[in-house]
Amino acid sequence: MTATTFDETWLALEAVDGWMTRDQGAALDRAARQVPESGTIVEIGSFHGRSTIVLGAAATISSTIIAVDPHAGSDRGPQEIAAQPELGVEDFDRFTANIEAAGLADRITHLRLFSDQALESIPARIDLLYVDGAHRFGPARADIANYGALVVPGGRMLVHDSFSSIGVTLALLSTTTASSEWSYVGRTGSLAEYRRSANPAGVLRNAASQIAELPWFFRNVAIKTAITLDRPGIARRLGHDRESDGPWPF
């Protein structure tokens, strides 16, 4: 990919399916540009490669970029949890084609494994971790805890569907809220950003800043419930604009 700015990258992503919004892509781009020379970026959950391409286009040429996704046809998107092997094959083919079209095939190491299986193949030091894997509590918590433990001091972790998905939110609350090792930076929509920093004195402030996101979380859960029950009017009254927000709050 010859893109030098995020605007160019995003323009090239028009045909790539995914749920990451433009603003979230810009946040991921900024985080990737802060990774030092020869740094390591790990992505959990690639789908068709939208976020992978953002990372590959923004990172330095000397960076190591690892994308972890089993492409098993499971946990593909909203309400798509069960494995669908035929869709997994299709997703893998599209991911591969999109990465090749972006000119990043030689820069991305793709591990077609579930994240717990891939962990042993991950370098011991991660500079940027992007988590958008299975959104159920158990897998999400394992990804945040196990991969997060490899993030270097000063490194960053970005988690998609934070304070939106029930499983992801509970996983974050159980791992980062009272943590003295993670500082909550903020969120772009449902993309939450954390910085790895030992700060025992700031635990209460860190917890309070995340707990303050819970009203937004409950709103998102209510919107998703209304959409699932085919009650678009209720979703609109809760502030969901399908044209600008898409079919699902991200």
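The values are calculated or read from the model by the stated rules, or taken from the named source; none is laboratory data. Predicted, not measured: the structure shown is a model, and the values here were computed from it. We place every Cβ from the backbone using ideal geometry, glycine too, and count neighbours over all the protein chains shown.
Of the residues making up segment 127-150, those that are more than 15 Å from the chain's Cα centre (by Cα) and aliphatic (A, V, I, L, M) are ALA149, LEU150.
Out of the residues in segment 207-250 that are modelled with pLDDT under 85 and of a type in the set (Asp, Glu), state the one that is surrounded by the most Cβ atoms within 10 Å (Cβ to Cβ). In this case the residue turns out to be ASP245. Residues being within 17 Å of VAL151 (Cβ to Cβ), at pLDDT 95 or above and over 15 Å from the mean Cα position of the chain (by Cα) are entirely absent from segment 87-103.
Among the residues of segment 83-110, how many are assigned to a loop (DSSP other than H, G, I, E, B), of a type in the set (D, E, K, R) and without any contact (Cβ under 8 Å) to a residue 24 or more places away in the chain? Residues meeting the conditions: 1. Annotation note: Cβ proximity below 6 Å between a residue of segment 133-160 that is crowded, with 22+ Cβ neighbours inside 10 Å and in a helix (DSSP H, G or I) and a residue that is among the polar types (S, T, N, Q) and modelled with pLDDT of 95 or more (sequence gap 6+ or interchain) occurs for ASP143/SER115; ILE144/THR175. Scanning segment 15-70 for residues that are surrounded by 18 or more Cβ atoms within 10 Å (Cβ to Cβ), of a type in the set (D, E, K, R) and in a helix (DSSP H, G or I) yields ASP29, ARG50. Name the residue, out of LEU113, LEU119, that is assigned to a loop (DSSP other than H, G, I, E, B), under 19 Å from the mean Cα position of the chain (by Cα), at pLDDT 95 or above and surrounded by fewer than 22 Cβ atoms within 10 Å (Cβ to Cβ). Answer to the check: LEU113. With respect to the conditions (1) under 17 Å from VAL168 (Cα atoms); (2) of a type outside the set (S, T, N, Q); (3) modelled with pLDDT of 90 or more, GLU80 lacks only one, and its number is (3).
Taking GLY73 as the residue in question, decide whether it is outside any strand (DSSP E or B) and either free of Cβ contacts under 8 Å to residues at least 40 places away in the same chain or of a type outside the set (Gly, Ala, Ser) (or both). In short, yes.
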